[in-house]
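The values are calculated or read from the model by the stated rules, or taken from the named source; none is laboratory data. Owing to the predicted nature of the structure, the values given are computational and were not obtained by experimental measurement. Note: ideal-geometry Cβ built from the backbone for every residue, glycine included; neighbour counts use all protein chains shown.
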Amino acid sequence: MKTVPVTQTYPYAQLANWIFRPLDYMEVNYRRYGDLFFARWGLFEWVFLNHPEAIKTVLSQDMGAAISAPGETNEILKPLLGEHSVMLLSGNQHRQRRKLIMPPFHGERLKVYADLIRQITLEVMAELQPGQALQARSLIQQMTMRVILQAVFGLHDGDRCRRLESLLAERLDMVSKPLASTVVFFPILRKNYGSWSPGAKIERLAAEIDELLYAEIRERRAAVDASRQDVLSLLLMSRDEAGQGLSDEELHDELMALLIAGHETTATAIAWGLHWAHYQPDIRQKVRDEIATAGANDDPMALTKLPYLEAFCNEILRIYPVAMLTFARVAQQPLELMGYTIDPGTLLVGCIYLLHHREDLYPQPSEFRPERFLERQYSAFEFMPFGGGARRCIGYALAMYELKIILGTLLTHFNFELVSDRPAIPERRGITLGMKDGVQMVYQGTRSVPTPIAI
Ligand code: HEM
């Protein structure tokens, strides 16, 4: 049996590379070491897996005795989300929480959101003036934030929601640059060193966000409405085996996790979509033709079923996956992965970016070509933007709806132009992969008038 190759660069240099040049970091190590390798970041080390077979072995048994998906390994998220959110829970508690919060993001419930996503898209667009310069990522973030506020709280109007929207945006924009993202990796940088320090700003924003969330929790607890389907209502009504409900602190952490996970990633992906559709206008034309031929211009459910639009959205998530890695899994027993020995206690992580750039799966991987998804069927461990197994993304179906409906609606009814004719550059945004400067565009006005639909 073989032993997993260990990256030889000085571990703190590796961490710096991961923070400032994550794509180069992964590609260099892939070229040196291949399908799996030990990455060492300071005192921390884990195995990056990028071969579909290795990823499949790990993610298809991460709920059993051999491999676990513990929440403690996601500690990096604790300062932002709190310790009681689904991402930080383990074992039974984790399974139960997932069961509780999944339904509003899937199945029948999701169909209700289709019209809402379109309506929010049109609402946000109505605030723009033709000729206005904009950052596509910020524009789309307003849309995805309102969608998730509706899914989580059941409302998107009102002063509290608007305030929450701007505070969360301000908080997340604090890590929109690689240098600023270092606060995520080094707790010492999050300390409050006086009013000038990022730590002070983080504290102020966190206090204001907490106040709004706890006010909402208090009001909703005082008048629980059993007919409501939003996540907060479901969480308020839930009881464990001992008949115990969730505490305010637990509710707060879960709301934070869903609000943040539920709009940041999606906003980045859709902004990439706008970029690609204008950088390669033949793709925009194909999307428009498909929508027109299907008569789906004003029918959001129909947009979710169009093959080329789906292939386009898949290619957006393939080429620059917003989540570069899955969460960590841990070997609980000695394992064999593709002929390599894995010792108990080893941390294993699926490297989504490298998987999506394998030549053997995606010929010319750096080319943006939606057709590859029409020519070939990829398995769940070959194309994996939402991870898999015990921690597979809870919002994957909602995210795909948002991508298709927002992009379909924008490309059908509105005209934009890119400010630069150069390709956008991927760049770290906190723990996710975003793009430099958020795609600068100019809004050029309506292309066709959207038909209003009553919700
Ligand atoms: C393009 C958009 C999105 C991408 C690329 C994405 C990607 C991911 C990935 C890769 C994971 C980790 C999976 C693993 O470790 O196997 C994850 C987890 C998660 N995602 Fe998403 N996500 C997106 C949108 C959303 C949305 C809209 C929600 C809203 C509910 C959401 C909620 C979550 C939650 C709660 C988890 C943690 C699951 C757990 O710990 O059990 N995500 N996501």
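Considering region 74-101 alone, what residues qualify as being outside any loop (DSSP other than H, G, I, E, B) and more than 10 Å from the ligand (Cβ to nearest atom)?
Quick first cut of region 74-101, residues outside any loop (DSSP other than H, G, I, E, B) only: 74-81, 86-88, 91-101.
Within region 74-101, GLU75, ILE76, LYS78, PRO79, LEU80, GLY91, ASN92, GLN93, GLN96, LYS99, LEU100 meet the criteria.
Scan region 341-359 and give yes if some residue there is at positive phi, more than 11 Å from the ligand (Cβ to nearest atom) and in contact (Cβ under 8 Å) with a residue 60 or more places away in the chain, otherwise no.
No: zero hits.
Given the conditions (1) within 13 Å of the ligand (Cβ to nearest atom); (2) more than 25 Å from ASP298 (Cβ to Cβ); (3) at pLDDT 95 or above; (4) not charged (D, E, K, R), report the number of the one that LEU418 does not fulfil.
All conditions are met except number (1).
May I ask you to verify whether SER85 is among the hydroxyl-bearing types (Ser, Thr, Tyr), surrounded by 18 or more Cβ atoms within 10 Å (Cβ to Cβ) and out of contact with any Cys (no Cβ under 7 Å at 6 or more places or on another chain)? Spell out how you get there, then give the answer.
On the way: among the hydroxyl-bearing types (Ser, Thr, Tyr): yes; surrounded by 18 or more Cβ atoms within 10 Å (Cβ to Cβ): yes; out of contact with any Cys (no Cβ under 7 Å at 6 or more places or on another chain): yes.
Spelling it out, SER85 is indeed among the hydroxyl-bearing types (Ser, Thr, Tyr), surrounded by 18 or more Cβ atoms within 10 Å (Cβ to Cβ) and out of contact with any Cys (no Cβ under 7 Å at 6 or more places or on another chain).
Being in contact with a strand residue (DSSP E or B) (Cβ under 6 Å, 6 or more places away or on another chain) and more than 16 Å from the ligand (Cβ to nearest atom) is the filter; apply it to region 307-340 and report the residue that is nearest to TYR33 (Cα to Cα).
Going residue by residue through region 307-340, those that are in contact with a strand residue (DSSP E or B) (Cβ under 6 Å, 6 or more places away or on another chain) are 320, 322, 324-326, 328-332, 335, 339-340.
Cutting the leftovers down to more than 16 Å from the ligand (Cβ to nearest atom) gives us 332, 335, 339-340.
Values: GLN332: 25, LEU335: 20, GLY339: 15, TYR340: 13 Å.
Among those that are in contact with a strand residue (DSSP E or B) (Cβ under 6 Å, 6 or more places away or on another chain) and more than 16 Å from the ligand (Cβ to nearest atom), it is TYR340.
Please enumerate the residues belonging to region 366-401 that are modelled with pLDDT of 95 or more, within 7 Å of the ligand (Cβ to nearest atom), within 29 Å of THR121 (Cα to Cα) and in a helix (DSSP H, G or I).
Matches in region 366-401: TYR396, ALA399.
Just to check your reading of the model, which residue among ILE405, ILE425 is of a type in the set (A, V, I, L, M, F, W, C), more than 25 Å from HIS94 (Cβ to Cβ) and within 14 Å of the ligand (Cβ to nearest atom)? Lay out the reasoning, then the answer.
Details: ILE425 fails: within 14 Å of the ligand (Cβ to nearest atom).
Exactly one of ILE405, ILE425 is of a type in the set (A, V, I, L, M, F, W, C), more than 25 Å from HIS94 (Cβ to Cβ) and within 14 Å of the ligand (Cβ to nearest atom), namely ILE405.
Search region 398-409 for residues that are within 17 Å of ARG109 (Cβ to Cβ) and among the hydroxyl-bearing types (Ser, Thr, Tyr) and pair each with any residue that is outside any helix (DSSP H, G or I) and away from the ligand (no atom under 12 Å from the Cβ) when their beta-carbon atoms are under 9 Å apart and the residues are at least 6 apart or on different chains.
Close Cβ pairs satisfying both conditions: TYR401/THR304.
If a residue must be touching an Asp or Glu at 6+ places or on another chain (Cβ under 9 Å), surrounded by 16 or more Cβ atoms within 10 Å (Cβ to Cβ) and not in a strand (DSSP E or B), how many such residues does region 323-354 contain?
So the answer is 3.
Restricting to region 138-153, give me the number of residues that are within 13 Å of the ligand (Cβ to nearest atom) and closer than 18 Å to TRP272 by Cβ.
6
Does SER227 satisfy being in contact with a His (Cβ under 9 Å, 6 or more places away or on another chain), more than 16 Å from the ligand (Cβ to nearest atom) and among the small types (Gly, Ala, Ser)? Walk me through how you get there before you give the answer.
Numbers: in contact with a His (Cβ under 9 Å, 6 or more places away or on another chain): no; more than 16 Å from the ligand (Cβ to nearest atom): yes; among the small types (Gly, Ala, Ser): yes.
Taking the combined requirement at face value, the residue does not satisfy it.
Filter region 33-62 for residues that are under 18 Å from ASP360 (Cα atoms), acidic (Asp, Glu) and not in a loop (DSSP other than H, G, I, E, B) and give the result.
Of everything in region 33-62, just one residue is under 18 Å from ASP360 (Cα atoms), acidic (Asp, Glu) and not in a loop (DSSP other than H, G, I, E, B), namely GLU53.
Is region 270-291 home to any residue that is within 9 Å of the ligand (Cβ to nearest atom), small (Gly, Ala, Ser) and at pLDDT 95 or above?
First, the residues of region 270-291 that are within 9 Å of the ligand (Cβ to nearest atom): 270.
Subset that is small (Gly, Ala, Ser): none.
No, that holds for no residue.
I'd like to verify a number: residues in region 284-322 that are assigned to a helix (DSSP H, G or I) and among the acidic types (Asp, Glu), how many? Let's see the steps before the verdict.
First, the residues of region 284-322 that are assigned to a helix (DSSP H, G or I): 284-294, 300-303, 307-319.
From what is left, the residues that are among the acidic types (Asp, Glu) are 289-290, 310, 315.
Within region 284-322, residues that are assigned to a helix (DSSP H, G or I) and among the acidic types (Asp, Glu) number 4.
Scan region 253-263 residue by residue and report those that are near the ligand (Cβ under 8 Å from one of its atoms) and in a helix (DSSP H, G or I).
Just the residues of region 253-263 that are near the ligand (Cβ under 8 Å from one of its atoms), to begin with: 257-258, 261-263.
Within region 253-263, ALA257, LEU258, ALA261 qualify.
Is there a residue being of a type in the set (D, E, K, R) and modelled with pLDDT under 95 anywhere in region 329-347? Even if it seems obvious, please write down each step before you answer.
Step one: list which residues in region 329-347 are of a type in the set (D, E, K, R), which gives 329, 336, 343.
Still in the list and also modelled with pLDDT under 95: 336.
Checked against the condition, which is being of a type in the set (D, E, K, R) and modelled with pLDDT under 95, region 329-347 yields at least one hit.
Condition test on TYR30, is it among the aromatic types (Phe, Trp, Tyr), outside any strand (DSSP E or B) and crowded, with 18+ Cβ neighbours inside 10 Å?
Here the answer is yes, as TYR30 does meet what is asked.
Within region 113-138, restricting attention to residues that are part of a helix (DSSP H, G or I) and without any contact (Cβ under 8 Å) to a residue 24 or more places away in the chain, which residue is farthest from GLN444 (Cα to Cα)? Even if it seems obvious, please write down each step before you answer.
Going residue by residue through region 113-138, those that are part of a helix (DSSP H, G or I) are 113-126, 136-138.
Applying the additional criterion that residues be without any contact (Cβ under 8 Å) to a residue 24 or more places away in the chain yields 123-124, 126.
Working: GLU123: 17, VAL124: 15, ALA126: 13 Å.
Among those residues, the one meeting the criterion is GLU123.
For SER60, all conditions in the list (1) closer than 13 Å to ALA328 by Cα; (2) within 12 Å of the ligand (Cβ to nearest atom) hold save one; what is the number of the exception?
Checking SER60 against (1) closer than 13 Å to ALA328 by Cα; (2) within 12 Å of the ligand (Cβ to nearest atom), the one that fails is (1).
Which ones in region 421-446 are within 18 Å of PRO130 (Cα to Cα) and either assigned to a strand (DSSP E or B) or out of contact with any helix residue (DSSP H, G or I) (no Cβ under 6 Å at 6 or more places or on another chain) (or both)? Walk me through how you get there before you give the answer.
As a first pass, look at region 421-446 and keep what is within 18 Å of PRO130 (Cα to Cα): 439-446.
Matches in region 421-446: GLN440, MET441, VAL442, TYR443, GLN444, GLY445, THR446.
Table: residues versus (1) in contact with a helix residue (DSSP H, G or I) (Cβ under 7 Å, 6 or more places away or on another chain); (2) surrounded by fewer than 20 Cβ atoms within 10 Å (Cβ to Cβ); (3) modelled with pLDDT of 95 or more; (4) farther than 30 Å from ASN17 by Cα.
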{"site": "LYS111", "(1), (2), (3), (4)": "yes, yes, no, yes"}
{"site": "GLU123", "(1), (2), (3), (4)": "no, yes, no, yes"}
{"site": "VAL147", "(1), (2), (3), (4)": "yes, no, no, yes"}
{"site": "LEU155", "(1), (2), (3), (4)": "yes, yes, no, yes"}
{"site": "LEU172", "(1), (2), (3), (4)": "yes, no, no, no"}
{"site": "VAL175", "(1), (2), (3), (4)": "yes, no, no, no"}
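Being crowded, with 24+ Cβ neighbours inside 10 Å and farther than 16 Å from SER420 by Cα is the filter here, so list the residues in region 270-286 that pass it.
ILE270 - this is the single residue of region 270-286 that is crowded, with 24+ Cβ neighbours inside 10 Å and farther than 16 Å from SER420 by Cα.
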